[in-house]
């Protein structure tokens, strides 16, 4: 399903989602980023059916996010290790963590991101490296890049100086 | 499927994924953040089956990310508008955009994030608001929060001062 979408899409968001596939894959990546490498450990943590887990792990290997490294031949067993590309997905996981913590944790904070050098709770913020401004501000807009095809140019027309959307107080 | 996972999970990442459901929902949110509000426009842009789109939009409304606002009764038609919670998902979309642009765009940049006040290309970076440091550094680790249940405490044991993972050069 996801594969069909991105075949015709140049959009880096669509392509990213195509590499991930679904929520299970993102939860696998979440746990891999916590250091989980073994099939049985993923299965126990996620409560996912073995056949489903196999399919997702194979897809993540094929997409270049994980690497399968055998550690036993009898029986055949392997570690699933993150590639550089897979490790870089940490920024998406942290963005999801922050969004979820802001909106779906009425009872309080169950999970923190901690700066281990100070012990302080971290407050993730997505900024523009150049200006230092939060990129969630309406002044930051998507626009077609140099290799954009006609479809993408049509979708992301000349960047408006004014936000196209009503701006909420929550972001 | 995603719903089943989060029923037992306190993890804000799992809860977030539960609200989104799948890749289609994230692509709907991507387009909504570009200003798309109407069923037909979502359908044309995404090439998604109407029944599938209806299901995803209803789920996003139910999850509190979108709001259905009727603009015609004969025939019955509605705009789908982002709530504050839905608009805040922009940070996740931008994180996905940056990750996809870094890893799945061998031909060059098809999409840019632009600072419309300067015209400069933005470089999204996820930092810790307190220290100003990128939170993708291994010094930032997840740890159980004050309301964490036993399951979550077991998963996110005492934060190690050393990174649990081999650190790649790519992140």
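Any read-out appearing in this document is the output of simple, stated calculations on the displayed coordinates, not a laboratory observation. Remember, predicted model here, so these are calculated numbers, not experimental data. Neighbour counts run over all protein chains shown; Cβ positions are idealised from the backbone, glycine included.
By other beta-carbon atoms within 10 Å, ranking A:94, B:13, B:93 with the fewest at the front produces B:93, A:94, B:13.
Shielding by partners for peptide B:139-150, expressed as the average number of C-beta atoms from other protein chains within 10 Å of each residue's C-beta, is 6. Normalised by 2.2 N^0.38 Å, with N the number of residues, the alpha-carbon radius of gyration of the protein assembly as shown equals 0.98. Label-point spacing at residue B:47 relative to the other copies reads 3.7 nm, in ascending order, each point sitting 7 Å out from Cα along Cα→Cβ.
Can you tell me the FRET efficiency between residue A:109 and residue B:41 if r is taken as the Cβ-Cβ distance and R0 is 35 Å, rounded to the nearest 0.05? Calculated value: 0.40.
Can you sort B:55, B:69 from fewest to most other Cβ atoms within 10 Å of each residue's own Cβ? Before the final figure, lay out each step's value.
Details: B:55 15, B:69 10.
If I rank by nearby Cβ atoms, fewest first, I get B:69, B:55.
One residue of chain B places its C-beta nearer than any other to the axis carrying B onto A; that residue and its whole-Å distance are B:95, 2.
Between residue A:120 and residue A:81, the modelled label-to-label distance comes to 3.5 nm, taking each label 7 Å out from Cα in the direction of the beta carbon.
Which of B:97, B:42 has the fewest other C-beta atoms within 10 Å, and how do the rest follow up to the most?
Working: B:97 24, B:42 21.
Least crowded to most crowded, the residues run B:42, B:97.
Across the identical copies, the label point of residue B:150 (7 Å from Cα in the Cβ direction) is separated from its matches by 6.2 nm, in order from shortest.
Note on A:43-56: average number of Cβ atoms from other chains within 10 Å of each residue's Cβ is 1.
Would chain B count as rounded, prolate or oblate if I go by the C-alpha gyration tensor, calling it rounded below 1.5 in a/c and otherwise prolate when a/b exceeds b/c, oblate otherwise? Could the numbers behind the result be given before it?
Values: a/c = 2.29, a/b = 1.38, b/c = 1.66.
Because a/c hits 1.5 or more and a/b fails to exceed b/c, chain B counts as oblate.
Against chain B, whose longest principal axis is taken from its Cα atoms, helix B:90-103 shows a tilt of about 70°.
How crowded by other chains is A:79-90, given as the mean number of beta carbons from other chains within 10 Å of each beta carbon?
Other-chain Cβ atoms within 10 Å of each residue's Cβ, averaged: 5.
In degrees, nearest 10, range 0 to 90: what is the angle between the Cα axis of helix B:23-33 and the longest Cα principal axis of chain B? That helix lies at roughly 70 degrees to the long axis.
Report the extension gain between residue A:34 and residue A:133 in nm, rounded to one decimal, defined as 0.36 nm multiplied by the number of residues separating them, less their alpha carbon distance. It would help to have the intermediate numbers written out before the result.
Numbers: separation 99, 0.36 × 99 = 35.64 nm, distance 2.96 nm.
Working it through step by step, the gained length comes to 32.7 nm.
Which shape class applies to the stretch A:5-88: rounded if a/c is under 1.5, otherwise prolate when a/b exceeds b/c and oblate if not, where a ≥ b ≥ c are the square roots of the Cα gyration tensor eigenvalues? Show your work: numbers first, answer last.
On the way: a/c = 1.99, a/b = 1.78, b/c = 1.12.
Prolate.
Would you mind getting me the FRET efficiency between residue B:49 and residue A:71? Use the beta-carbon distance for r and R0 = 45 Å, nearest 0.05.
For R0 = 45 Å, the calculated efficiency reads 0.55.
Here the stretch A:132-157 and the stretch A:33-107 have alpha carbon centers that stand 31 Å from each other.
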